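The values are calculated or read from the model by the stated rules, or taken from the named source; none is laboratory data. Since the model is a prediction, treat every value here as computed from it, not as a measurement. Please note: Cβ atoms are built from the backbone with ideal geometry, for glycine as well, and neighbour counts cover all protein chains shown. The area values use the complete protein model at the heavy-atom level, side chains included, leaving out ligands, DNA and RNA. Shrake-Rupley method; radii C 1.70, N 1.55, O 1.52, S 1.80 Å.
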Amino acid sequence: MEFAHVSVLPRECMEGLRIRPDGIYVDATTGGGGHSLRIAEQLSEQGRLICFDRDREALAAAAVRLEEHLHKVTFVQSNFEYLKEKLAELDIAGVDGVLFDLGVSSYQLDNPERGFSYMHDAPLDMRMDQTQPYSAWDVVNGESFEELRRILSLYGEERFAGRIASAIVKRREQAPIGTTLELVDVIKSAMPAAAKKEKQHPAKRSFQGIRIQVNGELRAVETAVADALDCLNPGGRCAVISFHSLEDRIVKHIFIDAAKGCTCPKSFPVCVCGKQPKVKILTKNALVAGEAEQAENPRARSAKLRVAEKL
């Protein structure tokens, strides 16, 4: 398959980052390179773009898309959780902007071989980095009932997490659950009839939860966004697109904490902690896609963009 991913909120992201032609920018989630291309096009010969992705196929596709700008671009195959140390390895002391698009690419979702989709039959996989050993198969067939219930409830926000976890454990006692559609059947078997008639696919929340667990997504977001703020030069900006409430809540709280400064109890007459605000939040409320973009790209409907500027 061609590595395709329609970038969401492209205009809002570029306005949020406020690209300086000679600046240094990081696309922490390069994917097929849609946002990266928009950044690179605004950079002068003195500008630089660092493209992170843990998926080798994504970086290969981005290199093709960015062919005219490769002299300005450095590709880094890595989880963005290691953003700070990878920038240090490149001798980059500070950057002028960091962009995170936390959505899973269309290529990963739609490529049956990757095992992300509940619409196609494929081996249980869901690894963004296919060199890592831990996969969806290990989650489904190896985790305990209590851990499965926690994953489905916390990461998938699945209200029938207990019933589904119990059904998974019972089914795998007969034989390992090996494919995505086998897992879909188990999930459906555990859900009440009314829930299976809802607009949303019955397996959507469970697959989200398992994917987040496999790729350590929430842990990585918490680490990487906080580190990105530390890596910004004064006036530099961090823009984060999230696609579900768990991610958005993490980003919102990181920004609020960084903008707050003093952490002394309100009862203290004067500040003794000495902490100063690190950033200014530029999006009081998260930005969302307009009707036209949502109609053109349905995956933009759940996207939320938050932007903060380093003081």
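Relative contact order of region 1-58, taken over Cα pairs closer than 8 Å and 6 or more residues apart, is 40 percent. Centre-to-centre separation between the Cα atoms of region 86-144 and those of region 188-228: 13 Å.
Applying both filters, DSSP loop and at most 10 other Cβ atoms within 10 Å, to the GluC sites (Glu not before Pro) of region 153-227 gives E173, E198.
Can you flag which of K72/K310; K84/K310; K84/K278; K252/K310 are past 22 Å Cα-Cα?
Violating the 22 Å limit, Cα to Cα: K72/K310.
So how tilted is helix 204-215 from the main axis of the chain? Cα-based, degrees 0 to 90, rounded to 10. It is inclined by approximately 60 degrees. Of (1) 84, 43, 38; (2) 69, 40, 38; (3) 59, 58, 40, which is the value of Cα extents along the principal axes in Å derived from the coordinates here? This structure yields the entry labelled (3). The GNM of the chain, with springs linking C-alpha atoms under 10 angstrom apart, assigns the highest mean-square fluctuation among L70, L232, L17 to L70. Comparing K84, K275, K266 in a Gaussian network model of the chain where C-alpha atoms under 10 Å apart are linked, the largest mean-square fluctuation is found at K266.
On the chain, 51 percent of the accessible area sits on carbon and sulfur atoms, based on a 1.4 Å probe.
Please compute the per residue accessible area over the chain with all protein chains in place, 1.4 Å probe, rounded to a whole number of Å².
Averaged over the residues of the chain, the accessible area is 47 Å².
Normalised by the number of residues in region 164-311, the average gap of Cα pairs under 8 Å and 6 or more apart makes the relative contact order 22 percent. To the nearest ten degrees, helix 161-172 and the longest principal axis of the Cα atoms of the chain are 60 degrees apart.
Sorting the segments 22-29, 185-192, 114-121 by their residues' average number of neighbouring beta-carbon atoms within 10 angstrom, most packed first, yields 22-29, 114-121, 185-192. Estimated from helices alone, the mean residue ellipticity of the chain at 222 nm is -11500 deg cm²/dmol (sum of -39500 (n - 2.57) over DSSP H runs with n ≥ 4, per residue).
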